[in-house]
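Novice: What follows is a structure written as structure tokens; I'll ask about it next.
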Amino acid sequence: MSWEEIERGLVDAGWELDGSFSDYLIVGEDGDLSILVPRWAGEMDDPVYELCDGEREITYWVRQIPTPQHAAMLLEEHGGTPEEERGNPYKRAAEDEAEE
């Protein structure tokens, strides 16, 4: 998926883009909520997105771009500290490999 397609998907879902990190990160914002897309995600066939609630300092990783309202629900139900990286499929795969 191209960088432009990801940006368009964020805008279409209702996120306001913050272009201040555009060289290495796409940031979509809606109040205290944000969605972060690292540059490497645009190079993947199946990118991942990090949802963040800045006020409560919780995050949750997803594979599809949600609306801000759906992001709030996902964070409420599944969010955790940034260190936990809840929902990040690449963290889980790395942990599984380390256990082997």
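The values are calculated or read from the model by the stated rules, or taken from the named source; none is laboratory data. The structure presented is a predicted model; accordingly, all values stated were derived computationally and were not measured. No Cβ is skipped: glycine too gets one built from the backbone with ideal geometry, and neighbour counts run over all protein chains shown.
Novice: Within segment 1-73, considering only strands (runs of 3 or more DSSP E) that don't extend past its boundaries, which have at least 3 residues that are on the phi < 0 side of the Ramachandran plot and crowded, with 17+ Cβ neighbours inside 10 Å?
Specialist: Counting at least 3 such residues, we get 25-30, 33-38, 49-53, 58-62.
Novice: Do we have Arg86 as exposed (fewer than 15 other Cβ atoms within 10 Å of the Cβ), of a type in the set (D, E, K, R) and on the phi < 0 side of the Ramachandran plot here?
Specialist: It is false that Arg86 is exposed (fewer than 15 other Cβ atoms within 10 Å of the Cβ), of a type in the set (D, E, K, R) and on the phi < 0 side of the Ramachandran plot.
Novice: Next question. Considering segment 65-94 alone, what residues qualify as being modelled with pLDDT under 95 and closer than 27 Å to Ser2 by Cα?
Specialist: Pro82, Glu85, Arg86, Gly87, Asn88, Pro89, Tyr90, Lys91, Arg92, Ala93, Ala94
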